[in-house]
Every structure is written in C-alpha cells, then in structure tokens.
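First the structure, in the form of structure tokens, and then the observations on it.
Bear in mind that the values in this text are calculations on the coordinates, not laboratory data. As the structure is a computational prediction, the values presented were derived from the model and not from experiment. Ideal geometry is used to build each Cβ from the backbone, glycine not excepted, and the neighbour counts take in all protein chains shown.
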Amino acid sequence: MENSHYFYVLYCRDGSLYAGYTNDLEKRIKVHNEGKGAKYTRGRGPVKLVFSKLFSDKSEAMRAEYEFKQWPRKKKDEFLKRHNISF
C-alpha cells in the first residue's frame with residue numbers, strides 16, 4: 001500500500017526484542033523468519049511480531065524506531081505492557 005510506513009517490534013526466540021521500519025510489514029516479517037532479514041535477527045528466529053504502528057510519513061516511522069532502540073530493556077517492556085502485549 002502506498003504511503004504505508006511501519007515501525008514494528010519483534011520478539012526473538014532468545015527473548016530479545018528487535019525494532020525496525022518497513023513499508024511492507026508482512027513481507028518484512030517473512031524475510032526475518034527466513035533468516036534473510038536484519039543481521040541481528042539471523043539465528044534468533046523464528047521471530048514473532050508483537051507490536052506495529054502505521055505512519056503516513058516515513059520519517060515519523062523511522063523516528064519511532066530510533067527512539068525505541070535508545071530505550072533500556074525495562075522501558076521497552078513497560079511500553080509493550082502499556083499496549084497490552086505479552087510474550
């Protein structure tokens with residue numbers, strides 16, 4: 001879909017979290033699970049999508065990704081809990 005920009009969070013098999021940006025969420029998750037996604041998620045799959053947010057602007061989605069990645073794990077867990085996400 002045109003103008004679809006997603007910030008997303010994955011839960012990895014080892015219990016870690018991965019945050020990313022994409023304009024095709026389904027395809028990106030599939031690529032991660034095929035071991036062809038980000039270097040970080042290779043060997044940590046299968047991954048599970050636990051959060052995504054759609055933005056109409058690419059820079060906003062990438063800003064959300066960057067901000068999330070700066071947080072310590074405790075703050076990331078609190079953010080996900082506030083959104084009723086458990087894994």
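Fully extending the segment from residue 62 to residue 42 would add 5.1 nm, taking 0.36 nm per residue of separation and subtracting the current Cα-Cα distance.
Here residue 26 and residue 85 are evaluated by their C-beta separation; at R0 = 25 Å the FRET efficiency comes out at 0.85. Loop-resident GluC sites (Glu not before Pro) (DSSP state other than H, G, I, E or B) in the range 1-58 with no more than 12 further Cβ atoms inside 10 Å of their Cβ: 2, 34.
When only alpha carbons of the chain are considered, Rg and Dmax amount to 12.4, 35 Å.
For the chain, the Cβ-based charge dipole about the Cα centre amounts to some 420 debye (Lys, Arg positive; Asp, Glu negative; other atoms uncharged).
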